[in-house]
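Notes follow the structure.
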Amino acid sequence: VNLALLGFGNVARAFARLLLRKQETLLNDYGLELRVTGIATHSHGIAIDSSGIDLEAALAADMLDALHTGDPVEDSKAFLAACPAQFVIETTWLDPRTGQPATDYVRRALQLGRHVVTANKGPVAFAYRELKSLAAQKDLAFFFESTVMDGGPVLSTLREGLPATDITRIRGVLNSTTNALLCDMEGGTTFAESLRRLQELGIAEADPSNDVDGWDSTVKIVVLANVGMNADLRPQDVDRTGIGQVTPDRVRAAQEAGKRLKLICEAWREDGEVKAKVAPVEVPREDPLSIVEGTSGVVTFHADTLPALTLIESDPTPDTTAYGLLADIINAARGRRWSMVRRRF
Ligand SMILES: NC(=O)c1ccc[n+]([C@@H]2O[C@H](COP(=O)([O-])OP(=O)(O)OC[C@H]3O[C@@H](n4cnc5c(N)ncnc54)[C@H](OP(=O)(O)O)[C@@H]3O)[C@@H](O)[C@H]2O)c1
């Protein structure tokens, strides 16, 4: 099975290392030989080699062009058409306010008849129904396990682990940076000190506004609501409050009341509609959402069949995100599709 990697940053590089490590398991257990036939980046070049790119060499290279064979390829769109691959693995940059340019890349890849696996929340938050129906028409997989909780099997649980179930409410702590910030503040660290620490560790971005203002959490609850509750939300539909205004006093007051302040993402049904909200909430200690520390994440599904099912993922990294990509590829190669299990989607 040939793969085209669109984007070769932290996640795609971790994915390349995982492919090298799991080669034997994939072949022995699944009869799968995964070969990367192309890699495209924004400013580190593009390489296509139909006989397979040497991943060790790609990981060591600063510019990828030296690994290219054949005619020059102008840009990422041309790469999608030129790279001989059944799968496009999309890990480019996300603009959380528009979902672009990733949404266009995913649409193009599906139009070209490629299965798509992405770690990018944009296409799912902004164009889930359209892209899913395009994939279904062409009997292609469009999977995105890594978009929520960094590779933990959250979306495949919705897709395959909960048949004949109506999800009535989803609640979660889904953003690593803000959870780590709030945990630090419980220990007496100021917001600014904690942010500096997390930036030094590479957890918080240089511009932390996507996390702090609640955009990342918003996009993730939209993904979960659209997939799990058959909603048709966009990030703009979510009632969003970040943690920028949270004071040490407020964190302390929650602790004194035996609670913990968490940035809670929530989607629920109300008057026949799905609504969603992101806001700092004082969570009682007996609620599983209160227990996640640092960069860990948690989600609880409330359903008509199971009153509450909680998944926790501890200490996510680009390696766990890369695992979500691999799990999606294996599931797609085994013939899994959204339409098989939830026809109404
Ligand atoms: N980091 C995580 O653990 C994590 C977790 C969950 C989801 N994600 C999502 O996964 C995606 C990748 O994350 P990352 O941490 O790997 O990001 P990253 O290190 O910034 O890498 C992004 C890659 O995409 C390339 N790129 C950007 N725009 C492009 C374009 N128009 N055409 C082709 N390539 C383009 C970049 O090229 P250059 O190398 O030339 O800059 C780079 O190789 C993001 O959407 C992120 O939200 C990441």
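Quick notes on this structure:
- Gain upon complete extension [GLN111, THR157; 0.36 nm per residue less C-alpha separation]: 13.8 nm
- Potential extension, THR190-HIS302 segment - 0.36 nm per residue separation minus Cα distance: 36.8 nm
- Difference of contour (0.36 nm per residue) and Cα-Cα distance, THR247 to GLU270: 5.1 nm
- Among 202-211, 223-232, the order from most to least packed when residues are scored by Cβ within 10 Å on average: 223-232, 202-211
- Under-5 Å amide H pairs with SER296, H placed in peptide plane, nonlocal only: ASP315
- Packing-based order for 249-255, 152-158, using average beta carbon neighbours within 10 Å, highest first: 152-158, 249-255
- The mean of 1/r over all pairs of different alpha-carbon atoms in the chain, once inverted, gives a Kirkwood hydrodynamic radius of 20.8 Å.
- The orientation-averaged projection of the convex hull spanning the C-alpha atoms of segment 252-331 amounts to 7.7 square nanometres.
- Pairs from LYS132/LYS259; LYS77/LYS121; LYS121/LYS277 whose Cα-Cα separation, in the structure shown, is over 29 Å: LYS132/LYS259
- Counting DSSP beta bridges with both ends in the chain, the antiparallel % (nearest 5): 65 percent
- ASP54/THR317 FRET efficiency (R0 25 Å; Cβ-Cβ; nearest 0.05): 0.50
- Under a 5 Å amide H cut-off, with hydrogens placed 1.01 Å from N, ASN230 pairs with nothing among residues at least 5 apart or on other chains.
- For the chain, the longest principal axis of the C-alpha atoms and the axis of helix 191-200 are separated by about 20°.
- Scalar couplings 3J(HN,Hα) for segment 297-302, obtained by applying the Karplus form with A = 6.51, B = -1.76, C = 1.60 to θ = phi - 60°, are x, 8, 9, 10, 9, 9 Hz; x denotes Gly and Pro.
- Amide H contacts for ARG169 (H built 1.01 Å from N in the peptide plane; partners 5 or more residues away or on another chain; cut-off under 5 Å): HIS302.
- Annotation: peptides 15-23, 174-182, ranked by per-residue average of other Cβ atoms within 10 Å with the highest first, follow the order 174-182, 15-23.
- Spin-label pair GLN137-ASN230: with each label point 7 Å from Cα along the Cα-Cβ axis, the two points sit 2.2 nm from one another.
- For the chain, adding -39500 (n - 2.57) for each run of n ≥ 4 DSSP H residues and dividing by the number of residues yields -11000 deg cm²/dmol at 222 nm.
- Euclidean distance of C-alpha centroids, segment 56-98 and segment 309-339, integer Å: 22 Å
Read-outs throughout are calculated quantities, based only on the coordinates presented, and are distinct from any laboratory measurement. The structure displayed is predicted, hence computed values, not measured ones. Heads up, the Cβs are rebuilt from the backbone with ideal geometry, glycines too, and the neighbour counts pull from every protein chain shown.
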